[in-house]
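Report on the following structure.
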Ligand SMILES: Nc1ncnc2c1ncn2[C@@H]1O[C@H](COP(=O)(O)OP(=O)(O)OP(=O)(O)O)[C@@H](O)[C@H]1O
């Protein structure tokens, strides 16, 4: 193929010479620029080469200079080495010289020391000889002084002995006299005790007499009120006669005057009888409470419930040996098998203030405690407990329809009404609480706020803040109150009995009496306490809520025991605050109050162990003697 004018090769057009010349020229220019640049670079390289060459010759010069210096320095080093060797030699020489001198000095020093020690030993020997001599002299002198002092003190001792013997003799004589006097005063005291005993016997007699007197007074009152009625009838008939006779005759007016005089006389006799009655009542109170004090302020009674039906199981062997005093109970313990196979039973006798056999009715029980209810009316703080295992009859005794609570309130009403004749006006307020898991709950509903215990130390009274109190002014209010309490207790548990065995219930009656004639005022409290089932003391396998309950019941029952024990011992600190129950009953347990504990006993063989535990606890309480009670009574400021 040939290039033609029409050839259309990109950037190359044949026959376009001018363009090709321009192109060539520009290429040539580029080439000449390149040559020029290369030449300049070469010139620069040449210059750099010259410079390097110069530097090489400089370095060569330096190397030669350094070599020369090196030679000089190695010559110096050689001479220094030679010098070092000579110095070492010199040092060795010096060291040898020194050690020789040291040895020499040591030898001389040793000789000096030996010399000195020889001198020292001689001096010490000399001194010890002198010391021995001095010691001998001193010892002799001391011995002489000791001998002198011994003689002197022996003389003094002898004198003192004689003096003591004389004094002993005198004391013996004096003691003999005093002993005689003591024996005499002991005899006197015994006589006084005898007299006190006969006085107490006398008091008992007095009380009996007072009782008889009271009976006769009551008959007198009845007679007087009968004669009063007759007199009133007479007065009426006389009045009509007077009206009739007032027609004016002298005889009529005389007879009217004599009748008037007789009437006045009758009224005066009636007033005298009334005054005497008031006085007798005050005396009765004093004698009655003295009699109570003689019996002791903590009393324990035992009640055995009957077997309810055959399905209850085998009956335990319980007997009541002393029918006369009704104060003993004898239990045949569980069967024990000896190694020879003989079966025996141990006997467990217990004695209390009173033991009630299974058939006893609530009315009989109440007869026994009515005196304590009377004490509450007389201004004492009284506490009646029911203690025992579940199902032993606590609730039956305390709050069944004819239990102690309704009976006590009825008796109080009757007494309150009778006391009005003797110028006593009473008010009775009741509250009902339960202590469950160390919390106090209001069994009468209340306002659901937390209950708090408040003590008034001056009045020896306790109040429960936020607790509903009901003024009990009729028998029906008590029944309504008990119903309400039972309802609230049942709400708290599926079975009412279940709850009653797990909590303590406390029925509190506050009694305030005022006598308008004598100005006397008294404030008493009657607490009726149904305790939680005591067998829970043992059941510790319970869990959760039940475990908490069991622990709280255990705690409060053992605290009750501790409080009674501390009171019996007369301890300075009584641990009332260790449980809610004892804290609540603080003023109703102890020296200033009267306490009665009922220990309830089941008649069944299966409950034998629990029965023994309950009776042992009750015996501990029975053996406690608590000091004299005092009524909260004062004469009103006039
Ligand atoms: N003296 C008695 N005469 C007749 N029945 C009685 C007597 N004592 C108890 N009972 C009956 O025995 C049963 C158990 O008595 P109660 O509920 O009073 O026992 P409790 O000790 O209060 O038990 P808990 O600790 O569970 O409250 C009741 O059915 C009750 O009526």
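Being modelled with pLDDT of 90 or more and either in a helix (DSSP H, G or I) or under 21 Å from the mean Cα position of the chain (by Cα) (or both) is the filter here, so list the residues in region 587-605 that pass it.
Within region 587-605, 605 is the sole residue that qualifies.
Does residue 471 fit the bill of being touching a residue at least 12 places away in the same chain (Cβ under 8 Å) and closer than 30 Å to residue 518 by Cβ?
yes
Just one of (1) under 14 Å from the mean Cα position of the chain (by Cα); (2) within 16 Å of the ligand (Cβ to nearest atom) trips up residue 615, so point out which.
(1)
Select, from 369, 365, the only residue that is in the same structural domain as residue 595 (by TED's automatic domain parsing), within 26 Å of residue 460 (Cα to Cα) and either modelled with pLDDT of 85 or more or not in a loop (DSSP other than H, G, I, E, B) (or both).
Only one candidate passes the filter, namely 369.
Cβ contacts < 8 Å: first residue at positive phi, restricted to region 388-402; second residue more than 7 Å from the ligand (Cβ to nearest atom) and assigned to a loop (DSSP other than H, G, I, E, B), any location; separation 6+ or different chain. Result?
388/531; 388/602; 391/602; 393/602
Of all residues in region 557-586, count the ones that are more than 25 Å from residue 452 (Cα to Cα) and either within 16 Å of the ligand (Cβ to nearest atom) or part of a strand (DSSP E or B) (or both).
Summing the residues that are more than 25 Å from residue 452 (Cα to Cα) and either within 16 Å of the ligand (Cβ to nearest atom) or part of a strand (DSSP E or B) (or both) in region 557-586 gives 0.
List the number of the failed condition for residue 348; all other conditions in (1) within 25 Å of residue 561 (Cα to Cα); (2) within 16 Å of the ligand (Cβ to nearest atom); (3) in contact with a helix residue (DSSP H, G or I) (Cβ under 9 Å, 6 or more places away or on another chain); (4) modelled with pLDDT of 90 or more hold.
In the conditions (1) within 25 Å of residue 561 (Cα to Cα); (2) within 16 Å of the ligand (Cβ to nearest atom); (3) in contact with a helix residue (DSSP H, G or I) (Cβ under 9 Å, 6 or more places away or on another chain); (4) modelled with pLDDT of 90 or more, residue 348 misses (2) alone.
Residue 539 passes all but one of (1) within 16 Å of the ligand (Cβ to nearest atom); (2) modelled with pLDDT of 85 or more; which number fails?
In the conditions (1) within 16 Å of the ligand (Cβ to nearest atom); (2) modelled with pLDDT of 85 or more, residue 539 misses (2) alone.
Any residue at all in region 459-467 that's within 19 Å of residue 583 (Cα to Cα), modelled with pLDDT of 85 or more and within 16 Å of the ligand (Cβ to nearest atom)?
No, region 459-467 contains no residue that is within 19 Å of residue 583 (Cα to Cα), modelled with pLDDT of 85 or more and within 16 Å of the ligand (Cβ to nearest atom).
For region 410-438, enumerate the residues that are within 34 Å of the chain's Cα centre (by Cα) and more than 30 Å from residue 611 (Cβ to Cβ).
Selection gives 428, 429, 430, 431.
Across region 351-374, what is the number of residues that are over 17 Å from residue 331 (Cα atoms), within 12 Å of the ligand (Cβ to nearest atom) and surrounded by fewer than 16 Cβ atoms within 10 Å (Cβ to Cβ)?
Residues in region 351-374 being over 17 Å from residue 331 (Cα atoms), within 12 Å of the ligand (Cβ to nearest atom) and surrounded by fewer than 16 Cβ atoms within 10 Å (Cβ to Cβ): 4 in total.
Touching a strand residue (DSSP E or B) at 6+ places or on another chain (Cβ under 9 Å) and at pLDDT below 75: which single residue out of 246, 281 fits that description?
Criteria check complete, one pass: 281.
Every residue, every condition in (1) under 35 Å from the mean Cα position of the chain (by Cα); (2) closer than 24 Å to residue 568 by Cα; (3) within 16 Å of the ligand (Cβ to nearest atom), yes or no:
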{"residue": "300", "(1), (2), (3)": "yes, yes, no"}
{"residue": "310", "(1), (2), (3)": "no, no, yes"}
{"residue": "313", "(1), (2), (3)": "no, no, yes"}
{"residue": "316", "(1), (2), (3)": "no, no, yes"}
{"residue": "320", "(1), (2), (3)": "no, no, yes"}
{"residue": "326", "(1), (2), (3)": "no, no, yes"}
{"residue": "332", "(1), (2), (3)": "no, no, no"}
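The values are calculated or read from the model by the stated rules, or taken from the named source; none is laboratory data. These numbers were taken from a predicted model, which means no experiment stands behind them. When we count neighbours, we look across all protein chains shown, and the Cβ atoms used for this are built from the backbone with ideal geometry, even at glycine.
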